[in-house]
Every structure is written in structure tokens, then in C-alpha cells.
Amino acid sequence: MANKFTWSKSVSAEVFFQVLLHVVLFLFFSFDKHNHEIQPFQVAYFINYAFGAFIINYVLLPRFFYRKKYLLFFISLVLVIAFVISIEEFVLEKIYFADSRGQGFPGLFFTLLEVMPLITILCGFKFAWDAMKKQHEVDTLSAMVKESELQYLKSQINPHFLFNNLNNLYSYAIDNSPKTPSIILELSSVLRYMLYDCREDFVPLAKEIEHLKNFTQLSELQIEDRGKVEFNADNIPSGYQIAPLILNVFVENAFKHSTASQSEDISIEIQIHVTENGMLEFACVNSFQPQTNTDDLSHGIGLQNVKKRLQWIYPNAHTLSIQETDSLYSVRLNIELKKGTV
């Protein structure tokens, strides 16, 4: 129903445009500073030209030109123009100028100069209209593809997160750890946010940081006394929004990177700051042992997904720096935040 309404609206707009264009061109075509009255021959000649343009615009263009049948289009175009010239020379001029111009054929070149300008203008505007409509369709399709890919990338984060943390929960349950209920509560809180609270394209920054803090506390349980985790978020003003689960991946990657390569002296530091002009400054630094095989952790699905999301959502509005030294892996991300309400 919506597509039908959109199509009807598009057709109505084109009809209005064509009527307005024909009226304006006819006024220019029939204008005579010595005689302000519209003559019958001017109406007849204009109808002849408009009819030829109509055939070209609504028959030849869609059937031949837009289907890349250029030879057929060119042959048909010549035939249509020849028909218009024939009607003008052998019918209209015999009727309206029988004693003057109707006495002979002035030549093909002269006749083309008389016929082609108006037909070219009418066809040119139609071609431009079709091109504009096609570009609109391309833009709409591109937006749909972009939205679909963003939803796909966002949906991949949840299974990625569950896969890692359910393994931890299973280990604690096997050991009958008293921390198991706390892990379940933390996991429930994080999942509630991921499944229900971040369905929109943008969420309040304060809410996203609260979720990130809960996520960090949940992940911190797997470290226990093997190291320390610092989470600092200062100067978080209200009113700013951020794409959900952008920062989540970097924190998750930091815990995976450290715990997979170290059995002790684990260090993870997370810093979040917002400048006065609304620039989010995020830093996540974690320790690791380079001799272990952690290349797949540094270039995993989650990290690749978040890079794509940043390119889609914050084009020319973010900087991402990932550096690796002998013992530290650091991520620094700056994002130009958006203001608004959700």
C-alpha cells in the first residue's frame, strides 16, 4: 500500500512538472513583442513538437535507451523527427502558410534548426527528471543496505559476548563458586541492556557508560587476584548520545587479550572523558605477553565489526588508534558526539 502511494505521488509530481514545463515553453515559443495574441498556428506547431517529444520521452527512452538498445533508439529517434518534420512541412505549413512557406521545402538544415530546440528542451528535462528519480532510488537502496548491514553488525555482538561469558559462568558453576549468583545477576543486567535498551541507533551516553561499567565488573570476575582493573569515567555531561555497544568491543577484547596470554600481573585500564565541545575520548590499555598466540584476539570478528560500524555511523567524525608494544595493547578512540534526546 505504501509503495502504491509513493508511486502515485511520484507520477503526480511528474505530471505537474511536465504540464508546468509545457506551459512555460509554449509562452516562450509563442511570444511576439509585436503581437501579444496567441495565433492558432503557434498552438498547432507546438502540439506537433510536444507530440514528438512525448513519443521520445515515454516510448523510445524507456523501451530502447534505458535498456541499452542504442541502435534501435537512434533509428526510432530519426523516424520520429522525420515524422514531426513531415507533419510541419506537408500539413501545417500547407494549412497556415499556403501562399508563402508552404510553397516549398526550405531545406533539412533550416528545418532542423526550427524543430530541434524545443524537442531537445522537452526531452532534456525528461531525461534529467528520470536521472534524478533514479538517483533517489539508488540513495534509498543504499540507505536500506547501510541500515541492514548496521543491524547485522550489531546483532553479531550479542552472540560474541554470550560465547565468552557463558564459558566463564560454566567454569564457576562447575567449581560451585559462591560468585556464580553474582555473575548471573551481572550477566542478566548486561543482556537486558543489549537486548532491550539499545535497540535505537543512538542511546544516552550516560546509559551506555553505565552498561560498560557493569560489563567491566562482570568481566573482572574472571581475573580475581591475578591483576587489577581500573575503570574511570569523569566529566560525563548529559544530553549527548552515542551509537550503542561501540566501546563494548574494545573492553571485551582487552579482557580476552590479557587473560588469554597472562596467568598473573594482569593490568587493564579504561579511561572515558568528554571534552567541553562534545568530543568523547576513550582509552583502553591492557597488558599481555607477546610470546603467546593472541593474533586472532587482536584481529577478531568483534574488532572488525566495530571498525565497520564506526565507518558507517561516524564518517569523518572519529579517530581510532590501536598500538601494540612488547607488553601493552592500547586502543584510543575519539568520537564527535551528537546531542539530542532518545
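The values are calculated or read from the model by the stated rules, or taken from the named source; none is laboratory data. The shown structure was predicted, so the numbers you read here are calculated from the model rather than taken from an experiment. Positions of Cβ are backbone-derived with ideal geometry, glycine not excepted, and every protein chain shown enters the neighbour counts.
When residues of the stretch 158-181 are filtered for being within 22 Å of ALA233 (Cβ to Cβ) and either hydroxyl-bearing (Ser, Thr, Tyr) or in contact with a strand residue (DSSP E or B) (Cβ under 9 Å, 6 or more places away or on another chain) (or both), how many remain? Summing the residues that are within 22 Å of ALA233 (Cβ to Cβ) and either hydroxyl-bearing (Ser, Thr, Tyr) or in contact with a strand residue (DSSP E or B) (Cβ under 9 Å, 6 or more places away or on another chain) (or both) in the stretch 158-181 gives 0.
Need a quick list: strands (runs of 3 or more DSSP E) entirely within the stretch 207-280 having at least 3 residues that are surrounded by 15 or more Cβ atoms within 10 Å (Cβ to Cβ) and among the β-branched types (Val, Ile, Thr). Steps first, please.
Details: elements: 227-234, 240-242, 266-274.
Here the list reads 266-274.
Residues being at pLDDT below 85, out of contact with any Gly (no Cβ under 8 Å at 6 or more places or on another chain) and farther than 22 Å from TYR172 by Cα are represented in the stretch 201-211 by at least one member.
Just a yes or no: is a residue in the stretch 290-311 at pLDDT below 90 and part of a strand (DSSP E or B)? Within the stretch 290-311 (the criterion being at pLDDT below 90 and part of a strand (DSSP E or B)), the answer is no, since none of the residues qualifies.
Within the stretch 184-206, the residues that satisfy the criterion of being in a helix (DSSP H, G or I) and either surrounded by 19 or more Cβ atoms within 10 Å (Cβ to Cβ) or not assigned by TED's automatic domain parsing to the domain that holds SER219 (or both) are GLU186, LEU187, VAL190, TYR193, MET194, LEU205.
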